[in-house]
Amino acid sequence: MTEALNKEQIISRLQELVTSKQIDLDADHLKKASEDFYRKYPQAHQIYTAARPVAIVYPNNTAEVARILKYANEQGINVIARTGNSSIERGLESAREPHIIVDGSHLNKIVQLDVENQQLTAQAGLPLVIAEKYLNDKHLTTGHLPQSQPLADFGGLVATRSIGQLSTYYGGIEDLLVGLEAVMADGTIIRIKNEPRRSVGPDLRHLFLGSEGALAFITEVTVKVFPYWPQNYHYLAYNVATMRAGFQILRQVMVNGYKPSIIRLYDPVDWSQYFPENKQPILIFRSEGPKKISDATAQGIQEIVQKSSQVTPIQPLEPIIDWFQNLTWDQTNVDQEVQQMQKLPYVGFTTEIAAPWSTVADIFEAVTTRVKQEIPNLLGIGGHSSHSYVNGTNIYFVYAFKVADVAPEEEMARYHDPLNKIIVEETLKHQGSISHHHGIGKARAPYIKQEYGSSYPLLKKLFLCFDPQNTMNAGNIIPLQFMNEKDT
Ligand SMILES: Cc1cc2nc3c(=O)[nH]c(=O)nc-3n(C[C@H](O)[C@H](O)[C@H](O)COP(=O)(O)OP(=O)(O)OC[C@H]3O[C@@H](n4cnc5c(N)ncnc54)[C@H](O)[C@@H]3O)c2cc1C
């Protein structure tokens, strides 16, 4: 059969499974749906090199998702699950043809707010920003505030193991997720019931958390909600002499049992994006919760910080509070960045990792040193820590380069991929994890064996067990060539 005939057959069958109105065949939409933000620089120059989907399908309910997935599975059609479309690790590109995008954004209802049990059940395509507004009006919050809050939806948040900027108080999505409904690769619908905790074998929620569309299509999620008390916030900010000293302060706060919602350490390169006059690393904290807890948390942090000779308080705090309140990115920010890249050949990217306290400063220094030595036309590399735990923290590397000597479509191979390789190599060498919250998509999937080590065969068996035809976002998390190897 010709490729054109194949496409027609697929479209014709999809039209039997859902209405024609639910199938988008617009050439420009298909082009834009073939890639995510990882390729933003060539995209700004109207260059799209990834394979186009046959169609974008918008199911209206779980039964339709099940019918579509069953058909795709029987016919070997690769399914790219999509909700908010804010992926940045090549998670929305297809590694195998033919493929369709199954877009969950019609599944956008609030199913139930259960105030007694402090739980919100939402369809997978409900934008987080809408849920948060709905809850705030009722003095409640999800406590989940990723920088992409105005872009991301619940299905994608769960599928990427997302984290919000207030995670140290509220937890990541893995702490918030109570239960879910999903459609498996063969069309089977499953539900994991909502319970405060269970001791009944492995916790199956974790199959779906971070599955990045490669195991199932998540259709509904239930998350915890919390009282919303913005009037109790306390902000604190300090200059600190070095990043190493800054990491030590973060550690002191965490190991002493404090849970500020914001706990951040910026190096001057990263911070200078916002406050160019600042020449030293900076620590930022916010406490929240009931007044007594918020007051005590702020007081405890102040006591810890005051014991250090390397720290100076920053006043006034209003510019920092204002900066934080405008930190989220919506479509306008994305469009502005695209316009800038059209005018100037400068590209900024971010890569996040996690590390234990014992090596985090070494990773920061090793990466920034190597990148400065090895990456041409670098405009700068810095970073910040924004999510801390009792046993370690994350680093969000922030870097920019001038695309000086290659065509826009070669930007990744020339700059971004080699830069990412340095971050991955130094992180793994120092016992860290190659991704803290963006997922790995297809961008960092080639490093999956080193990341998992001796547990890698388990991961591969899991994918082979739940998606033996490999029709759910094939190549995400585990590259296609690894799937075909006979190592399990
Ligand atoms: C400016 C910016 C800032 C960001 N800041 C943060 C941040 O602070 N914290 C953070 O965690 N992330 C951040 N991200 C990354 C991104 O927003 C998150 O990964 C987010 O969780 C993706 O959600 P989404 O709904 O947009 O998913 P999509 O982009 O639609 O998809 C992401 C991945 O999940 C899969 N997927 C999507 N929906 C489903 C579903 N229903 N079932 C199964 N799989 C599915 C897709 O196949 C894909 O692999 C940021 C991104 C941008 C562009």
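The values are calculated or read from the model by the stated rules, or taken from the named source; none is laboratory data. Everything numeric here is computed off the predicted structure, so don't read it as measured data. Don't worry about glycine lacking a Cβ; one is built from the backbone with ideal geometry, like all the others, and counts go over all protein chains shown. The area values use the complete protein model at the heavy-atom level, side chains included, leaving out ligands, DNA and RNA. Shrake-Rupley method; radii C 1.70, N 1.55, O 1.52, S 1.80 Å.
Observations, loosely collected:
- Charge dipole (debye, nearest 20) of the range 367-413; +1 at Cβ of Lys and Arg, -1 at Cβ of Asp and Glu: 320 debye
- The chain - accessible surface per residue (Å², probe 1.4 Å): 43 Å²
- Estimated dipole of the chain in Debye, rounded to 20 [Cβ of Lys and Arg +1, of Asp and Glu -1, Cα centre]: 780 debye
- For the range 358-373, backbone phi angles converted through the Karplus equation (6.51, -1.76, 1.60; θ = phi - 60°) give residue-by-residue couplings of 5, 10, 4, 5, 4, 5, 4, 5, 5, 5, 5, 5, 5, 4, 5, 7 Hz, Gly and Pro being listed as x.
- The range 390-488: C-alpha gyration tensor shape, a/c 1.5 cut-off, then a/b vs b/c: oblate
- Mean sequence separation of contacting Cα pairs (under 8 Å, at least six apart), scaled by the length of the range 331-440, corresponds to a relative contact order of 37 percent.
- When you filter the trypsin sites (Lys or Arg not before Pro) in the range 83-119 for DSSP loop state and at most 16 other Cβ atoms inside 10 Å of their Cβ, you are left with Arg96, Lys109.
- Distant-in-sequence amide contacts of Gly380, defined by a placed amide H-H separation under 5 Å and a gap of 5 or more residues or a different chain, comprise Ala400.
- A viscosity of 0.692 mPa s and a temperature of 37 °C, combined with the Kirkwood radius over Cα pairs in Stokes-Einstein, give a translational diffusion coefficient for the range 230-325 of 244 µm²/s.
- Rounded to the nearest 20 debye, the dipole magnitude of the range 331-440 is 200 debye, with +1 charges on Lys and Arg beta carbons, -1 on Asp and Glu beta carbons, and the Cα centre as origin.
- Under-5 Å amide H pairs with Leu145, H placed in peptide plane, nonlocal only: Gly164, Gln165, Leu166
- Pairwise centroid distance, computed over Cα atoms, of the range 147-163 with the range 234-312, Å: 26 Å
- Lys/Arg +1, Asp/Glu -1 at C-beta; the chain dipole; positive extreme among Leu327, His437, Phe37: His437
- Estimated vicinal HN-Hα couplings, Hz - the range 268-273 in sequence order (Karplus 6.51, -1.76, 1.60; Gly, Pro = x): x, 5, 5, 5, 5, 4
- Rg(Cα) / (2.2 N^0.38 Å) computed for the range 331-440, rounded to two decimals: 1.12
- Bins of 20 Å, starting at 0 and running to the largest distance - Cα pair percent for the chain: 23, 57, 20, 1
- Modelled spin-label separation between Gln273 and Gln331, with each label point placed 7 Å from Cα along the Cα-to-Cβ direction: 2.3 nm.
- Measuring only protein heavy atoms, the 1.4 Å probe finds Glu337 accessible over about 40 Å².
- Applying a DSSP loop filter and a limit of 13 other Cβ atoms within 10 Å to the trypsin sites (Lys or Arg not before Pro) in the range 169-211 leaves Lys193, Arg197, Arg198.
- Cα-Cα separations in the range 1-113 greater than 17 Å, expressed as whole percent: 54 percent
- Of the residues His387, Gln302, Asn278, the one whose Cα sits farthest towards the positive end of the charge dipole of the chain is Gln302 (charges of +1 on Lys and Arg Cβ, -1 on Asp and Glu Cβ, taken about the Cα centre).
- Residue-wise HN-Hα coupling along the range 49-64, computed from phi with Karplus coefficients 6.51, -1.76, 1.60 (Hz; x: Gly, Pro): 10, 6, 5, 7, x, 5, 7, 10, 10, 10, x, 9, 7, 5, 4, 5
- DSSP-assigned coil residues among GluC sites (Glu not before Pro) in the range 406-472, each with at most 13 further Cβ atoms within 10 Å: none
- Backbone amide hydrogens, once placed in the peptide plane, bring Thr393 within less than 5 Å of Ala355, Trp357, excluding anything fewer than 5 places away on its chain.
- Contour excess over end-to-end distance, with Cα ends at Val338 and Glu174 and 0.36 nm allotted per residue: 55.8 nm
- Percent accessible area from carbon and sulfur atoms, the chain, protein chains only, probe 1.4 Å: 51 percent
- Since only Ile68, Asn85, Tyr58 are under comparison, the one whose Cα sits farthest along the positive direction of the charge dipole of the range 22-104, derived from C-beta charges on Lys, Arg, Asp and Glu, is Asn85.
- Euclidean distance of C-alpha centroids, the range 317-331 and the range 59-89, integer Å: 35 Å
- For the residue pairs Lys138/Lys193; Lys32/Lys70; Lys193/Lys421, alpha carbon separations beyond 29 Å are given by Lys193/Lys421.
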